[in-house]
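Below you'll find the structure, written out as structure tokens, and then a few comments.
The values are calculated or read from the model by the stated rules, or taken from the named source; none is laboratory data. Bear in mind that the values here come from a model prediction, so they are computed numbers and not experimental data. In this analysis, Cβ positions are derived from the backbone assuming ideal geometry, glycine residues included, and neighbour counts consider all displayed protein chains.
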């Protein structure tokens with residue numbers, strides 16, 4: 001058993017009013033007690049540092065690294081930049097970056113070559129260290145949609161990150177095959193938008209989306225949709241899509257529908273912000289960006305389950321010296337301070353997106369994650385400083401992150417103790 005005492009405890013929703021003790025028994029939290037309860041023998045005194053659930057990012061492409069946006073615009077498909085084995089090596093590398101950044105989990109948002117599912121298996125088998133993860137399929141699209149290259153003569157015989165099918169029967173078969181191969185979430189491109197111009201608002205017909213959702217849910221998987229246009233957002237919600245990615249044309253009606261359906265929403269505003277900073281934005285992008293910012297506090301108040309996560313990919317490595325979207329230690333935590341600075345959002349709200357809300361998205365009710373409570377899974381981090389007073393601490397893990405615990409076991413320990421093990425990713 002491991003115990004932490006004299007800890008300030010952020011429990012996934014709020015900071016507890018007094019310091020306390022958290023005791024782990026194997027992979028679970030056994031007890032959470034107040035300052036008046038005696039600490040168990042051998043408890044680790046945190047001296048007022050913050051103990052909180054490990055962070056979880058919820059729009060993650062593990063195999064993205066050092067590709068450029070120009071490749072996609074030129075018709076070179078994602079997931080074909082390098083051989084599949086090299087892309088898997090990138091995913092293993094990025095898994096270590098997540099842990100070093102204080103993220104003990106991720107929810108996949110598409111990958112090629114079954115990389116999420118295979119990485120999940122390698123982590124479970126103890127072959128490589130890594131976070132808890134929810135494996136995603138490739139992007140599922142349709143012929144001549146947003147992601148299908150206009151350079152039709154260059155289509156690859158083997159797919160990368162994007163696959164294409166048409167009609168309910170073919171798409172149903174594809175969904176079942178991806179789930180057989182380990183996908184827990186099916187990612188679809190329902191509409192254009194969020195920095196991607198397209199010939200029309202609709203990428204998939206209603207019966208195709210309905211079939212994908214029914215087939216995925218029938219096999220115990222979830223569906224997430226890249227969707228920006230209001231009509232398509234409302235259609236996806238009505239058809240049972242579980243995670244709405246982007247949602248550029250969100251409004252009060254969309255917020256009400258998401259809240260009523262229990263949908264998750266990943267606004268992912270860092271990506272369009274970067275496009276605008278570079279002058280690469282499409283007409284109307286700024287208005288949509290500001291629209292999402294304005295509606296986030298309203299969605300929070302309405303009870304929408306908002307999630308953090310964005311397209312960290314190294315897209316702008318050759319353009320910006322300090323690449324805000326690269327897979328580098330500390331980059332994922334930048335989102336918290338960004339969203340926390342929006343009027344009407346509290347720090348504890350935003351931190352809850354990456355803990356309690358994200359834990360529910362990752363495990364889909366199969367277990368309890370993202371909270372500090374008896375019986376919950378023991379994925380935890382220790383922060384030197386108060387993230388509620390300064391959310392930017394989460395973007396400075398080399399300064400503030402003192403420990404990462406995954407399944408009740410230290411994977412990073414920088415606490416001041418003679419027996420402290422070394423970081424697995426050092």
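Name, by its number, the condition in (1) over 25 Å from the mean Cα position of the chain (by Cα); (2) touching a residue at least 60 places away in the same chain (Cβ under 8 Å) that does not hold for residue 170.
Single failed check for residue 170: (2).
Would you be able to tell me the number of residues in the stretch 179-189 that are within 25 Å of residue 268 (Cα to Cα) and modelled with pLDDT of 95 or more? Full working, then the answer.
Step one: list which residues in the stretch 179-189 are within 25 Å of residue 268 (Cα to Cα), which gives 183-189.
Now narrow it down to the ones that are modelled with pLDDT of 95 or more: 183-188.
Residues meeting the conditions: 6.
Among the numbered conditions (1) closer than 17 Å to residue 109 by Cβ; (2) in contact with a helix residue (DSSP H, G or I) (Cβ under 8 Å, 6 or more places away or on another chain); (3) in contact (Cβ under 8 Å) with a residue 40 or more places away in the chain, tell me where residue 226 comes up short.
Every condition holds for residue 226 apart from (2).
Criterion first (on the phi > 0 side of the Ramachandran plot, modelled with pLDDT of 95 or more and touching a strand residue (DSSP E or B) at 6+ places or on another chain (Cβ under 8 Å)) does residue 167 satisfy it?
no
How many residues, within the stretch 247-266, are under 12 Å from residue 227 (Cβ atoms) and in contact with a helix residue (DSSP H, G or I) (Cβ under 8 Å, 6 or more places away or on another chain)? So that I can check it myself, show each step before the final result.
To start, the set of residues in the stretch 247-266 that are under 12 Å from residue 227 (Cβ atoms) comprises 247-250, 254, 258, 263, 265-266.
With in contact with a helix residue (DSSP H, G or I) (Cβ under 8 Å, 6 or more places away or on another chain) added as a condition, the list becomes 247-250, 254, 258, 263, 265.
Summing the residues that are under 12 Å from residue 227 (Cβ atoms) and in contact with a helix residue (DSSP H, G or I) (Cβ under 8 Å, 6 or more places away or on another chain) in the stretch 247-266 gives 8.
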